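Reading through the structure tokens given below for one structure.
Values quoted throughout were computed directly from the atomic coordinates according to the rules given, and no laboratory measurement underlies them. Remember, it's a predicted structure, so these values are computed and weren't measured experimentally. Glycine gets a Cβ as well: all are built from the backbone with ideal geometry, and neighbour counts include every protein chain shown.
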Amino acid sequence: MIRQGPMTDSDTNSATRTTHFGFRTVPEDVKADMVHGVFTNVASKYDVMNDAMSLGIHRIWKDAMMDWLAPRNGQKLLDVAGGTGDIAFRFLKRAPNAHATVFDMTQGMLDEGRKRAEAAQMGDRLDWICGDAMALPFADNSFDVYTISFGIRNVTRIQDAINEAYRVLKPGGRMMVLEFSQIPTPGLQWLYDRYSFNVIPRLGQAIANDRDSYQYLVESIRKFPPQEVFADMIRKGGFENVKYRNLSMGIAALHSGWKI
């Protein structure tokens, strides 16, 4: 009998490392495919569902993001998980001589973005690239601004995505994250949970004919770390002057950090 050598730590880690997919525990190496399936399924109805789920408030949150970000002409934006282009379009409207790269893991989301009227008007200032937020296909020090909106909670290893953001930003560059978060008042969080778990999956079924995908999205929000914990992750990635602002009492939050 041939005796096999001992299993190394890396072998053990790769074989046993798990993460969450909503409330389910899954192997790390399958989560990306599962998330890809979710967003492929909902791509054609994604913008409509955003309006329905948030009663249109996501537009106010994105405008608040732009107000704090203050886009400037000549800047290069990388919008990760940029999907249908909402953030990139807002950025370019405020900085007409800037350039935006919309980056997403799901080609279907990018295709939906290209169909929007804004895409045609801004075609010479927009790139659309499909890939992995944990392994960005860009050189070090390439962008002035990195944004990710309602997407970082879906990344398999969030810290890896933050580290990549730091790598591709130029010195003096800024990362800004818009993400669903935690309401600091327990009673209000309880009410919001009742809405999220009882209403949003039903809206997904009615509008997108996909209850399961929206059940996952609701669960993924509850699994995302609270504001200060996420701020510490951004600091761990090398960013300085890290701050956050709650939106709508903490239903969503904006996090900002600088590469100095």
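What the table below lists for this structure:
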| read-out | value |
| --- | --- |
| Net charge over other residues, Cβ less than 11 angstrom from the Cβ of PHE89 (K, R count +1; D, E count -1) | +3 |
| Segment 43-148, dipole about Cα centre (Lys/Arg Cβ +1, Asp/Glu Cβ -1), debye to the nearest 20 | 320 debye |
| Spatial separation of Cα centroids for segment 112-168 and segment 210-260, in angstrom | 17 Å |
| Inter-label distance, nm, simple model (7 Å from Cα along the C-beta direction), ALA117/MET249 | 3.5 nm |
| Normalised contact order of the chain, rounded percent, pairs of Cα under 8 Å and 6 or more residues apart | 19 percent |
| Cα gyration tensor shape for segment 110-230, rounded if a/c is under 1.5, else prolate or oblate | oblate |
| Sum of side-chain charges, GLY151 neighbourhood, beta-carbon under 10 Å (Lys, Arg +1; Asp, Glu -1) | -2 |
| Stretchable slack from ASP132 to GLU28, in nm (0.36 nm times residue separation minus alpha-carbon distance) | 36.0 nm |
| Placed amide H near MET105: partners under 5 Å, 5+ positions off or other chain | ALA81, GLY131 |
| Given LYS93/LYS170; LYS31/LYS243; LYS115/LYS170; LYS236/LYS259, the pairs whose alpha carbons are separated by over 21 Å | LYS93/LYS170; LYS31/LYS243; LYS115/LYS170 |
| Burial ordering of ILE148, ILE234, fewest other beta-carbon atoms within 10 Å first | ILE234, ILE148 |
| Cβ-derived FRET efficiency at R0 35 Å, ASP124 paired with THR185, nearest 0.05 | 0.15 |
| Fewest-first sequence of PHE239, PHE91, PHE23 by Cβ atoms within 10 Å of each Cβ | PHE23, PHE239, PHE91 |
| Dipole of the chain, positive end: most advanced residue of MET34, TRP68, MET105 [Cβ charges, Cα centre] | TRP68 |
| Percentage of interatomic Cα-Cα distances in the chain larger than 22 Å | 56 percent |
| For segment 46-154: rounded, prolate or oblate by the Cα gyration tensor [a/c cutoff 1.5] | rounded |
| Among MET249, ASN163, TYR195 - extreme Cα towards positive end, dipole of the chain, charges at beta-carbon | MET249 |
